[in-house]
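Quick notes on the structure that follows.
The values are calculated or read from the model by the stated rules, or taken from the named source; none is laboratory data. All of these numbers come straight from a predicted model, not from anything done at the bench. In this analysis, Cβ positions are derived from the backbone assuming ideal geometry, glycine residues included, and neighbour counts consider all displayed protein chains. Only protein heavy atoms, including side chains, enter the accessible area calculation; ligands, DNA and RNA are left aside. Shrake-Rupley method; radii C 1.70, N 1.55, O 1.52, S 1.80 Å.
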Amino acid sequence: MSVKRSRFGEYYLYTIENSQGSKLEVTDLGATVRSILMPDRNGIMGDVVLGYDTPEEYLKSDGYLGAAVGRYANRIAGAGFTLNGTTYELTANEGGNMLHGGIGFSKRRFDTVSAEDSMVVFELRDPDGGDGFPGNLTVRIGYELSDDNDVCIYYAASSDKDTVINLTNHCYFNLSGEGDILGHELLINAGSYLPVDGDLLPTGEICPVEGTDFDFRSGREIKNGFYDHCFVLDNNFCATLSDKKSGRVMLVATDMPGVQFYAGGALSERRGKNGRLYGKNSGLCLETQRFPDSPNRPEFPSCVLRAGEMFTSRTIYSFDVE
Ligand code: BGC
């Protein structure tokens, strides 16, 4: 295993390579996953995530390609919440609501804590009041590539005041490395999902997937690119994504209670890595996370991080072929 560091404009790129020749490339710009190179069924390496060639494109573009998302991934209604009797006003960046933490983490420079063997660890300190959230927050995100083609993402966070937290990664996966993801097979290990309103905010109901287009429990072909919903996971096994064309398969495991399956339906046209044209459904996200708008939904599992306590979480994307 090795980690190489190279320049990425004013930032750094770290490339972790394993003994199979698979590679994970991450940058301190937004603690972003820039590429994941995995073999297809013939052993040919292909890049299975969307991204850009330059930091400038990351800085000017929307869509959070490969980025670390925080302090609060997904939406918070009315860009505000009340905790311990105090109401906090947050940065509204989608109408009157907050999406992905407002200004958030995705365009910030992270410090590199370590980069050795198979792992790179980034750290960000977000001041008390950052995007309106209480508490000086320290976040660490570790990226690891194993010799078995597992990409592990580790999260840790602590704050000096009670606050709320929801961290995820926003990789757009496309196991073919080209075209769109319609035709990929997806299994989500979720017996229920969270219906949303016109602003894509959860209505508060937790509905069974049985008999609906949200029942991915036995796996189904993605024929429709409208999905942008949080699924309530039955246990730590989250999902399996597979692509018949390349033979690539990706298994997702997490300790988070939910996964946002976003089929990339709102991704506008743009040039990505190597001049490739991206657009609607070019990639899909499986964002492991707490439930959207939990700060305003006491009926959802708590997203509160108490002062002085440590939040930790882990998600593993395991690659294979069939
Ligand atoms: C959200 C989408 C949003 C996308 C890009 C996803 O996590 O669920 O609604 O369009 O991020 O911002």
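Just a few scattered comments:
- Test result for Tyr193, more than 16 Å from the ligand (Cβ to nearest atom), touching a residue at least 24 places away in the same chain (Cβ under 8 Å), open to solvent by 10 Å² or more (accessible area, probe 1.4 Å) and of a type in the set (Phe, Trp, Tyr): no
This table checks each residue for (1) over 20 Å from Arg75 (Cβ atoms); (2) within 16 Å of the ligand (Cβ to nearest atom); (3) open to solvent by less than 10 Å² (accessible area, probe 1.4 Å).
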| position | (1), (2), (3) |
| --- | --- |
| Asp128 | yes, no, no |
| Gly142 | yes, no, yes |
| Asp147 | yes, no, no |
| Val151 | yes, no, yes |
| Tyr154 | yes, no, no |
| His170 | no, yes, yes |
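- Taking every residue in the range 171-187 that is closer than 13 Å to Ser242 by Cα and pairing it with any residue that is open to solvent by 40 Å² or more (accessible area, probe 1.4 Å) and basic (Lys, Arg), at least 6 positions away or on another chain, the pairs with Cβ-Cβ distances below 6 Å are Ser176/Lys245.
- For the range 179-197, the condition holds for at least one residue, the condition being that it is in a strand (DSSP E or B) and among the charged types (D, E, K, R).
- The selection criterion, being buried (at least 24 other Cβ atoms within 10 Å of the Cβ), under 16 Å from Glu144 (Cα atoms) and either more than 16 Å from the ligand (Cβ to nearest atom) or among the aromatic types (Phe, Trp, Tyr) (or both), holds for Leu24.
- The residues of the range 154-176 that are over 18 Å from the mean Cα position of the chain (by Cα) and in a loop (DSSP other than H, G, I, E, B), listed by number, are Asp160, Lys161, Asp162, Ser176.
- Strands (runs of 3 or more DSSP E) enclosed by the range 59-152 - at least 1 residues per element that are touching a strand residue (DSSP E or B) at 6+ places or on another chain (Cβ under 9 Å) and over 23 Å from Thr312 (Cα atoms): 80-83, 86-89
- Single unsatisfied condition, Asp62 versus (1) buried (at least 16 other Cβ atoms within 10 Å of the Cβ); (2) under 18 Å from the mean Cα position of the chain (by Cα); (3) within 16 Å of the ligand (Cβ to nearest atom): (1)
- With a requirement of 1 or more residues that are at pLDDT 95 or above and open to solvent by 10 Å² or more (accessible area, probe 1.4 Å), the strands (runs of 3 or more DSSP E) lying completely within the range 217-322 that satisfy it span 228-233, 237-242, 248-254, 258-262, 310-321.
- The one condition from (1) touching a residue at least 60 places away in the same chain (Cβ under 8 Å); (2) over 18 Å from Gly30 (Cβ atoms); (3) within 16 Å of the ligand (Cβ to nearest atom); (4) surrounded by fewer than 19 Cβ atoms within 10 Å (Cβ to Cβ) that Gly78 does not meet is (3).
- Search result, residues across the range 226-248 that are within 14 Å of the ligand (Cβ to nearest atom) and farther than 18 Å from Tyr64 by Cβ: Phe226, Phe231
Matching residues to (1) within 16 Å of the ligand (Cβ to nearest atom); (2) at positive phi; (3) under 15 Å from the mean Cα position of the chain (by Cα):
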{"site": "Asn224", "(1), (2), (3)": "yes, no, no"}
{"site": "Met250", "(1), (2), (3)": "no, no, yes"}
{"site": "Gly258", "(1), (2), (3)": "yes, no, yes"}
{"site": "Phe261", "(1), (2), (3)": "yes, no, yes"}
{"site": "Gly272", "(1), (2), (3)": "yes, no, no"}
{"site": "Arg276", "(1), (2), (3)": "no, no, no"}
{"site": "Leu284", "(1), (2), (3)": "yes, no, yes"}
{"site": "Asp320", "(1), (2), (3)": "no, no, no"}
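- Matching residues in the range 81-114 - criterion: being within 12 Å of the ligand (Cβ to nearest atom) and open to solvent by 60 Å² or more (accessible area, probe 1.4 Å): Asn93, Glu94
- Residues that are small (Gly, Ala, Ser) and under 18 Å from Lys161 (Cβ atoms) within the range 55-100 comprise Gly70, Gly80, Gly85, listed in sequence order.
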